[in-house]
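Okay, structure first, notes after.
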Amino acid sequence: MIEQHAELKEIKGGSVGSPKGFITGGQNIGMRKSKPDMGWIFSQKPAAAAGVYTTNRFQAAPLSVTKASIAEEQTLQAILVNTVSANSCTGEQGLENAYTTRKWMADHLGIPEHVVAVASTGVIGLQLPMDKMRKGIENISLSGSDALFEQAILTTDTKAKHLAVQCVIDGKTVTIGGACKGSGMIHPNMATMLGFVTTDAAVDPADLKTALKTVTDRTFNRITVDGDTSTNDMVLVMANGMAENKRLTVKHPDWPIFLSGLKAVCQGLAKYIAGDGEGATKLIEVRVSGARDEKSAEAISKTIVGSSLVKTAVFGSDANWGRIICAIGYSGEPFDLEKVSLTLGEIVMFEHGMPVSFNEEEAKSYLDGNNIVIKANLGEGDGEAVAWGCDLTYNYVKINASYRS
């Protein structure tokens with residue numbers, strides 16, 4: 001799922017526990033019938049940490065607690081995650097519960113409270129079942145299982161999402177791994193998703209924060225499923241330095257290699273989320289080029305991939321390029337219509353502001369595939385951007401009409 005990079009090697013089956021010194025796990029604590037519903041990540045050494053969070057004005061209690069943890073020393077050593085209850089819109093009690101679970105986790109592991117982050121996903125408005133949370137935390141053992149962690153963080157996802165790459169920095173092998181969840185309520189500027197990235201590289205905390213923000217803007221913030229942004233979204237990164245490289249900063253000569261590895265992991269995870277949208281059957285990739293600048297290209301690509309009419313046309317394998325043109329037109333970005341060209345895969349449909357004859361059967365055959373690429377060239381400048389989404393299906397309505405049942 002990663003793009004080809006000469007400096008990077010993808011680890012087959014890699015995940016958030018692949019870097020040195022990270023242990024993950026999951027278990028069922030009775031919030032769900034049988035599937036794991038509590039997961040954790042533990043670093044054998046305190047790790048530099050950074051996070052990005054939802055833009056929704058309603059921010060769940062776990063976000064407040066995690067922000068407070070990271071703010072103290074820009075360091076984390078453990079992350080506790082639960083499903084079923086989002087612990088969102090739960091008032092003072094919900095905030096108190098989030099802090100309490102942080103304390104229980106810290107006490108159980110024998111580490112300071114402020115190096116523990118907490119994350120929750122599930123139904124908004126439900127308080128955490130504290131008896132189950134406490135017993136679950138007391139049963140945590142650091143034996144390690146990426147597969148159990150990956151399952152423990154899922155909600156309506158149909159599959160686990162994980163990835164890891166390796167690169168060489170200062171002559172040392174550095175590993176960057178990640179796992180995430182996300183299927184519905186997905187929209188640019190964070191979505192109902194939780195993303196966890198780990199690395200054994202030594203990285204300056206301030207530059208790690210900058211790197212995560214930069215990469216997130218070009219990966220997780222370029223996906224959409226249904227236009228909804230949730231209350232619990234976050235992406236956390238931990239760097240424990242156990243690869244023993246010299247500490248990375250933006251001035252380090254190998255910084256670009258690290259940044260490309262971080263981007264590769266986040267982009268791969270983001271595409272997994274887009275392709276696993278609720279009810280989705282196809283991954284849609286929109287590539288916009290020739291825009292006035294990157295910001296304009298980004299806005300247009302997000303508008304196209306977020307269009308319900310484009311998404312339904314892709315689901316129905318209908319090469320209705322007019323829907324794509326309309327989306328470009330209402331993106332709010334300036335362009336010259338007579339310079340716009342549009343391609344579906346390698347099939348040219350619209351060129352320099354005019355329709356182009358194409359083979360309908362060939363176009364339908366292409367749209368019957370699982371990976372659809374839409375390319376728009378505006379002929380204005382050097383701005384480029386890519387966004388990802390999925391088709392809109394009957395099953396999306398079915399899933400969300402019965403989410404709480």
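Explain nothing, just the number: dipole magnitude of the stretch 319-405 about its Cα centre with +1 on each Lys and Arg Cβ and -1 on each Asp and Glu Cβ, in debye rounded to the nearest 20.
620
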Only four residue types carry charge here, +1 at the Cβ of Lys and Arg and -1 at the Cβ of Asp and Glu. Report the dipole size of the chain about the Cα centre in Debye, rounded to the nearest 20. 1100
Amide H contacts under 5 Å for Phe350, placed H, 5+ residues apart: Leu342, Val356
Calculated [θ] (222 nm, deg cm²/dmol) that DSSP helices of n ≥ 4 give over the chain, each run adding -39,500 (n - 2.57): -10000 deg cm²/dmol
What FRET efficiency comes out for Lys103 versus Asn371 if R0 is 35 angstrom and r is the Cβ-Cβ distance? Round to the nearest 0.05. 0.15
Charge tally in the Cβ shell below 15 Å around Leu337, where Lys, Arg are +1 and Asp, Glu are -1, Leu337 excluded: -3
For the chain, with the dipole built from +1 on Lys and Arg beta-carbon atoms and -1 on Asp and Glu ones, taken about the Cα centre, which of Met234, Gly144, Ile70 lies farthest toward the positive end? Gly144
Total charge of the residues flanking Thr100 in space, meaning their Cβ is under 15 Å from its Cβ, with Lys and Arg +1 and Asp and Glu -1, is -1
Cα gyration tensor shape of the stretch 7-60, rounded if a/c is under 1.5, else prolate or oblate by comparing a/b with b/c: oblate
Within the accessible area of the chain (1.4 Å probe), percent carbon and sulfur: 50
With charges set only on the Cβ (+1 for Lys and Arg, -1 for Asp and Glu), what does the dipole of the stretch 277-354 come to about its Cα centre, in debye to the nearest 20? 160
Most fluctuating residue given options Ser143, Ser301, Ser64, as computed from a GNM of the chain linking Cα atoms under 10 Å: Ser143
Anisotropy class of the stretch 13-158 from Cα gyration tensor, a/c 1.5 cut: rounded
For Ala50, what charge total do you get from the other residues with a beta carbon under 14 Å from its beta carbon, if Lys and Arg give +1 and Asp and Glu give -1? -2
Would you mind working out the accessible area per residue for the chain, using a 1.4 Å probe, and quoting it in Å²? 41
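Hey, what did the chain get for relative contact order, percent, Cα under 8 Å, at least 6 apart?
18
The values are calculated or read from the model by the stated rules, or taken from the named source; none is laboratory data. Remember, it's a predicted structure, so these values are computed and weren't measured experimentally. Cβ sites come from the backbone with ideal geometry, for glycine too, and all protein chains shown count toward neighbours. Just so you know, the surface numbers come from the protein's heavy atoms only, side chains and all, with ligands and any DNA or RNA stripped out. Shrake-Rupley method; radii C 1.70, N 1.55, O 1.52, S 1.80 Å.
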